Amino acid sequence: MVNQYANKGLIIIAATANSGYTAFPASFSNVIRVKAKDTFNIDAEGLRDKGVDFAAPSEHKIWFGGNDITLQKSNSYAAPYVTAMAGRLMMEQSWINNVWQIKKHLYQKFRGKCVQYIPDWIEKGWIAGKVLKSKEEVYFEVAAKEEADTVILYDKNEFNEYREKHIVYLGNEIAEQPDTQCFFWSRRNRKEQILCSRIKKENINIPVILLKSGKEQDQIWWLTELRKSFEAEGYNAYAISTEQESVLYDLEYIPFAVDENISNKIGDFLYWQTYYNQSDLIICGIQEKESIGVEADIFVRIENGKKQTGIQIYCDKIKKAQMCFGTLGEQQIKEVYDCLLTILTEDEDGE
């Protein structure tokens, strides 16, 4: 709903949670996100970790009923400050008429760069020149090119053709952010987010489930179905994929097969992301010859046979279960989930 109205020109300015954790709708890219501070400025750390754009004063003085009243410090009282700035900006420069233009202008005011770390703004998307590998449904409505607010491209040479639309770039070449008045995402944005992560305070203290399989397996489908099952039981699972296309399914893309500098920061990144998102566990899907920056508590190996799929599940390097399926569907993945949940709850009970 946020994307639907934002793409029609509605400017949404929202306070983030006073708790300090990630909060919605404030953390959506199509929203101008605000927290309280003594002076107005960009919040680079907040943008990286929680999707917060700006920090603004909140101790306003108002005259009410013959009395001077000083409002307390609160994110909710900081949001009107940025609302006034956005309104003035739109009055003074009539060509500014969408969320990205306002963000870009205010960030430039402080010589900052507004990077979109997550492509969560798509309402209607057009996918150019490639058939998606997963049978899972993308999180947005797939539309014709003319009707789409966002184009998903695999060729950076096509950027100029779509300057009036948001762009998600899934190509393998390194691409600079084009000079447009719309949102843009590429794997470079996520790499930048990982590299800027603060050093973690301690070890990740939630369970980590690692799924390793060959390219023949539909990793995105596995992760989505397992996440759905955990959510149905009330667990907040942070689901990671090494497939770039995973961002189209509202999964977290992590480029594991990368240089050493990024590999060394993945653990820091996951710590802060799961901390601010209050995640209960991590589900990570990787392919053969890829590695993860944190130690897995449960390891699931998915092996493809000629006529069947073999599943082996390990906990603390001890084999806990082995399954074999002739056909693979939602019911079979549910059986794997039930086994994982049993292992996790046994561990919680100390059995």
Hey, what number do you get for the chain at 222 nm if only DSSP H runs of n ≥ 4 count, each worth -39500 (n - 2.57), divided across all residues, to the nearest 500?
-8500 deg cm²/dmol
Under the 7 Å Cα-to-Cβ spin-label approximation, Asp155 and Glu173 lie apart by a distance in nanometres of 1.0 nm
Summing +1 for each Lys or Arg and -1 for each Asp or Glu, what net charge is found among the other residues whose Cβ lies under 11 Å from the Cβ of Lys130?
-1
Could you state the accessible area per residue of the stretch 78-161 in Å², with a 1.4 Å probe and every protein chain left in place?
56 Å²
Suppose we keep just the DSSP beta bridges with both residues in the chain; what percent of those would be antiparallel, to 5?
35 percent
So the angle from the long Cα axis of helix 99-109 to the longest Cα principal axis of the chain, reported in degrees to the nearest 10, equals 70 degrees
Give me the Å³ per residue figure for the convex hull around the C-alpha atoms of the chain.
170 Å³
Point-to-point label distance, Ala144-Arg198, nm (Cα→Cβ direction, 7 Å offset)
5.0 nm
Length gained when the stretch Glu164-Glu346 is fully extended (0.36 nm per residue, less Cα-Cα span):
60.2 nm
On the accessible surface of the chain, probed at 1.4 Å with all protein chains in place, carbon and sulfur together account for a percent value of 45 percent
Is the shape of the stretch 128-176 rounded, prolate or oblate, going by the alpha carbon gyration tensor and its root eigenvalues a ≥ b ≥ c, with a/c under 1.5 for rounded and a/b larger than b/c for prolate?
oblate
Counted charge near Ala23, where neighbours are those whose Cβ lies closer than 11 Å (Asp, Glu -1; Lys, Arg +1)
+3
Compare Arg188, Arg301, Arg111 in a GNM of the chain, Cα atoms joined below 10 Å, and give the one with the largest fluctuation.
Arg111
Compute and list, largest first, the equivalent-ellipsoid semi-axes of the stretch 20-64 from the alpha carbon gyration tensor, each √(5λ) rounded to a whole angstrom.
22, 12, 8
Pop out the ³J(HN,Hα) list for the stretch 62-78 in order, Karplus 6.51 cos²θ - 1.76 cosθ + 1.60 with θ = phi - 60°, rounded to Hz; leave Gly and Pro as x.
10, 9, 9, x, x, 10, 7, 10, 9, 6, 6, 5, 6, 4, 5, 7, 7
Label the stretch 212-321 by shape, choosing from rounded, prolate and oblate, from the square roots a ≥ b ≥ c of the eigenvalues of the Cα gyration tensor; if a/c is under 1.5 it is rounded, and otherwise prolate applies when a/b is larger than b/c, oblate when it is not.
rounded
25 Å Cα-Cα reach of Lys201 towards lysines, excluding residues that sit fewer than 8 places from it in its own chain:
Lys35, Lys37, Lys50, Lys191, Lys265
Go through the stretch 232-237 residue by residue and turn each phi into a ³J(HN,Hα) via Karplus (6.51, -1.76, 1.60, θ = phi - 60°); whole Hz please, and just put x for glycine and proline.
4, 9, x, 9, 9, 9
Straight-line reach from Lys215: which lysines have a Cα under 19 Å away, not including same-chain ones fewer than 8 places off?
Lys130, Lys133, Lys135, Lys289, Lys306, Lys307
Per GNM of the chain with C-alpha springs under 10 angstrom, the most fluctuating residue out of Asp179, Asp120, Asp68 is Asp68
Which value results when the Cα radius of gyration for the stretch 1-149 is divided by 2.2 N^0.38 Å?
1.21
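The values are calculated or read from the model by the stated rules, or taken from the named source; none is laboratory data. These numbers come from a predicted model, not from an experiment. Here the Cβ is made from the backbone with ideal geometry for all residues, glycine too, and neighbour counts use every protein chain on show. In case anyone asks, the SASA skips ligands and DNA or RNA and just uses the protein heavy atoms, side chains included. Shrake-Rupley method; radii C 1.70, N 1.55, O 1.52, S 1.80 Å.
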